[in-house]
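A short write-up of the structure that comes next.
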Amino acid sequence: MFHGGIWTKLQGFYKWYVLGLVSIGYILGELGHYLIGTTSKVTADDLHYGDKSCMLNATDLMLSDLPLVCEKVNSSETCETLTLNGTRYCEWGYNGLGIDYQILAGPAFMAVFTVVGVILGVVADRYNRARVLACCTLVFAIAILLMGTVTEYWHLVLLRMVMAAGESGCNPLATGILTDLFPEHQRALVLSIFNWGIYGGYGIAFPVGRYIPDINAWGLSWRVCYYGAGIIGLVIAFFTFLTLREPPRTTIGEEGVGNKAGDASLESGKKIPQVTIWHVIAQPRILLLCLAASIRHCGGMCFAYNADLYYRDYFPDVDLGWWLFAVTVGIGSVGVVVGGVVSDKFVAKMGVRSRVLVLALSQLISTLPAFGSVIFGPLWAMITLAISYFFAEMWFGIVFAILVEIVPLSVRSTTVGVFLFVMNNVGGNLPILVDPVSKAIGYREAIMIFYAGFYGISSILFFLTMFLMDGPVEQKKETPAAKPVGLDNTAFTHDELPTRNGRSLPSPPDSSRL
């Protein structure tokens with residue numbers, strides 16, 4: 001009775017439990033990814049890496065009160081002589097930036113993340129995805145935990161590479177599992193919730209990296225951030241290994257319709273050509289979708305890598321840590337859900353084309369507020385950032401809902417891995433151009449180009465991609481066979497005896513008379 005009653009009801013919630021489990025794991029992986037950006041100053045001061053500069057050491061002073069802004073001083077001697085009412089308000093030390101930081105934030109992570117992601121995508125198409133995902137979660141959780149124990153800069157670089165290897169499997173593996181668990185009318189919403197983990201982890205990194213090191217619990221400062229994230233990651237890895245089951249692999253989207261044609265071809269004796277990854281990724285719609293996603297990803301990564309630095313640089317007397325957390329986690333999560341729901345509502349009427357239309361419109365609407373978040377002062381910068389974030393964060397889950405619906409089952413995870421490889425290499429490395437461009441035209445102007453400007457470019461490319469997508473899939477209903485014209489001859493039997501060598505063979509006994 002227990003098994004047939006309560007257990008049956010609990011089984012209905014299993015797929016939502018899986019969504020929650022893999023999403024939390026993804027959030028923790030992204031938290032470990034972006035923590036280096038918000039803890040870099042205290043980490044650099046402890047491990048002694050990166051550049052040194054003159055920085056404001058008093059949070060109760062306004063920039064308008066200072067006789068000379070600290071950031072404009074380029075020597076330690078002058079920096080230490082700046083005083084206000086007899087009190088020093090500047091300090092010379094590691095600022096967490098420089099080529100060492102750029103290696104940590106970008107190449108050390110991205111090089112391993114993209115290559116191993118493709119490999120794990122291929123593995124996911126051939127082996128148990130649930131078990132591989134549990135191993136990946138365990139790897140990045142251990143790496144994050146050990147990052148809290150490092151004593152040298154190169155230790156940090158090595159462990160970020162190990163963490164990238166583990167985290168690289170989360171998206172292609174979990175995307176495949178969730179796609180097989182949820183129906184089409186929920187797919188974009190589910191993948192949007194899961195992929196929001198990128199921005200959830202990034203948003204949580206602001207308060208964790210800014211405020212927890214100041215508490216200096218047990219004298220561990222910034223190390224507590226990594227210990228906490230690593231321990232929770234180990235718990236998630238444990239539950240993933242014990243409770244996550246490999247779902248049956250299903251055909252979806254266009255492939256489901258294609259299979260019917262394939263069955264007909266098999267019946268007629270025709271050989272079906274085997275689809276390879278190269279056939280899939282060479283399609284113009286896949287290439288244009290990947291280009292648009294890469295440009296959009298560059299805009300997001302530009303903001304992610306520079307938001308804390310930008311707002312600290314332009315508004316050092318205003319603490320925007322909690323504002324950035326509220327916008328990225330709160331407003332961003334609402335945008336993710338709305339984008340998934342809207343996309344799922346229209347997909348039945350317009351097909352996969354509707355998802356691309358939602359992408360193009362959401363990024364277009366988010367572009368102008370994104371410019372405002374860079375141009376305005378602290379208050380209006382946060383207001384326009386919230387508006388932009390609401391629409392901008394609709395994109396990630398919808399992109400992968402589109403991708404899995406136009407890609408055959410046999411190469412689905414591999415395609416997601418290759419797609420992420422290209423998107424992360426282009427979108428993750430293009431923000432490096434912010435530095436030379438900022439030296440030529442200014443930091444604010446460079447952010448406007450690579451952040452807000454790339455939002456607008458991606459919306460145009462998504463709009464062009466829409467015309468390469470198919471419309472709604474027609475569901476053909478079974479119709480009864482047409483009644484033949486003339487006499488009903490269904491009871492007719494061929495009464496001619498079969499022959500062998502010209503002779504008639506005796507007819508078999510009538511079984512109805514036995």
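Here are some notes:
- Total residues in the stretch 59-75 satisfying the condition of being surrounded by 14 or more Cβ atoms within 10 Å (Cβ to Cβ) and either of a type in the set (Phe, Trp, Tyr) or more than 14 Å from residue 312 (Cβ to Cβ) (or both): the figure is 4.
- Residue in the stretch 276-285 that is modelled with pLDDT of 85 or more and in a helix (DSSP H, G or I) present: yes
- Scanning the stretch 156-193 for residues that are more than 13 Å from the chain's Cα centre (by Cα) and open to solvent by 50 Å² or more (accessible area, probe 1.4 Å) yields 158, 161, 162, 184, 185.
- Filtered residues of the stretch 76-120 (kept if of a type in the set (Val, Ile, Thr) and open to solvent by less than 20 Å² (accessible area, probe 1.4 Å)): 114
- Matching residues in the stretch 405-419 - criterion: being modelled with pLDDT of 80 or more and in a helix (DSSP H, G or I): 405, 415, 418, 419
- Number of residues in the stretch 451-482 that are among the hydroxyl-bearing types (Ser, Thr, Tyr) and modelled with pLDDT under 55 equals 1.
- When residue 249 is tested against (1) open to solvent by less than 60 Å² (accessible area, probe 1.4 Å); (2) at pLDDT below 90; (3) part of a loop (DSSP other than H, G, I, E, B), exactly one condition is not met: (1).
- Check on residue 372, assigned to a helix (DSSP H, G or I) and either modelled with pLDDT of 90 or more or open to solvent by 10 Å² or more (accessible area, probe 1.4 Å) (or both): yes
- Residue in the stretch 443-450 that is modelled with pLDDT under 50 and either among the hydroxyl-bearing types (Ser, Thr, Tyr) or closer than 30 Å to residue 169 by Cα (or both) present: no
The values are calculated or read from the model by the stated rules, or taken from the named source; none is laboratory data. For clarity, every value in this text was computed on a predicted model and none was experimentally measured. A quick note on method: Cβ atoms are made from the backbone with ideal geometry, for glycine too, and the neighbour counts reach across all protein chains shown. Protein only, heavy atoms only, side chains kept; ligands, DNA and RNA dropped before computing areas. Shrake-Rupley method; radii C 1.70, N 1.55, O 1.52, S 1.80 Å.
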